[in-house]
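**Student:** Structure provided below as structure tokens; questions to follow.
The values are calculated or read from the model by the stated rules, or taken from the named source; none is laboratory data. No experiment lies behind these values; they were computed from the predicted model shown. Ideal geometry is used to build each Cβ from the backbone, glycine not excepted, and the neighbour counts take in all protein chains shown.
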């Protein structure tokens, strides 16, 4: 009678959470393995399982976001989140996460390369109207990708040099970046285009002060609800 070969156990991705090819249950949009997730790499394994084996990249992204909320100082987790954002074409969020990862681990070459790819995507963006440029830059800024936002605003002032709100937003962003000389130039142009703009007047007065104790007074570039903001 021929010998029967011993039955092999299926290969495990992470012994604690997932078996390859198995679709683990989710509860309220959460992978069942998250109940025992106590380390950053657990969330990375969960996200990989959801993305690769279950073809659910959106849920993988949400798992990584929860992981970063729990472990905000983990560079690999932030980098993995940035990569997921990038491949889901959420470039502002990708840039923010990748920059955060590099602040935690500046020597990560792969993250540096992906960040450069994301920035090339930003550089390739074309705008048909100044309002579109303004709204896109604002979105990048709100996400936390301030450097990319500044790049878009500068690009917008070149393409649409007569659109005053772009110069104003550019100047205010330069103030927050502590680039006062460049900010003064941008604010002066904004005032040349609209001498009565109260936000530009306040920004100008702020820049003329010898010290900067309160930046908040210069942030009302475009009133909330203005249709230009989208």
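**Student:** Hey, does the range 56-64 have a residue that's over 16 Å from the mean Cα position of the chain (by Cα), surrounded by 18 or more Cβ atoms within 10 Å (Cβ to Cβ) and free of Cβ contacts under 8 Å to residues at least 24 places away in the same chain?
**Tutor:** Yes, the range 56-64 contains a residue that is over 16 Å from the mean Cα position of the chain (by Cα), surrounded by 18 or more Cβ atoms within 10 Å (Cβ to Cβ) and free of Cβ contacts under 8 Å to residues at least 24 places away in the same chain.
**Student:** Among the residues in the range 69-86, are any free of Cβ contacts under 8 Å to residues at least 24 places away in the same chain, over 13 Å from the mean Cα position of the chain (by Cα), crowded, with 16+ Cβ neighbours inside 10 Å and assigned to a helix (DSSP H, G or I)?
**Tutor:** Checking the range 69-86: not a single residue is free of Cβ contacts under 8 Å to residues at least 24 places away in the same chain, over 13 Å from the mean Cα position of the chain (by Cα), crowded, with 16+ Cβ neighbours inside 10 Å and assigned to a helix (DSSP H, G or I).
**Student:** Further, regarding this structure: So, in the range 138-175, of the ones that are buried (at least 21 other Cβ atoms within 10 Å of the Cβ) and in contact (Cβ under 8 Å) with a residue 40 or more places away in the chain, which residue ends up nearest to residue 128 (Cα to Cα)?
**Tutor:** 165
To keep it simple, each residue is scored yes or no on (1) under 24 Å from the mean Cα position of the chain (by Cα); (2) outside the structural domain of residue 138 (by TED's automatic domain parsing); (3) modelled with pLDDT of 95 or more.
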position	(1), (2), (3)
155	yes, no, no
162	no, no, yes
166	yes, no, yes
179	yes, no, no
186	no, no, yes
192	no, no, yes
212	no, no, no
216	yes, no, no
219	yes, no, no
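**Student:** Okay, moving on. Return the residues of the range 104-131 that are without any contact (Cβ under 8 Å) to a residue 24 or more places away in the chain and either touching a strand residue (DSSP E or B) at 6+ places or on another chain (Cβ under 9 Å) or assigned to a helix (DSSP H, G or I) (or both); say none if nothing qualifies.
**Tutor:** 109, 112, 113, 116, 120
**Student:** For residue 92, are the conditions met, namely being outside any helix (DSSP H, G or I), under 16 Å from the mean Cα position of the chain (by Cα) and not assigned by TED's automatic domain parsing to the domain that holds residue 174?
**Tutor:** On the way: outside any helix (DSSP H, G or I): no; under 16 Å from the mean Cα position of the chain (by Cα): yes; not assigned by TED's automatic domain parsing to the domain that holds residue 174: yes.
No: the conditions fail for residue 92.
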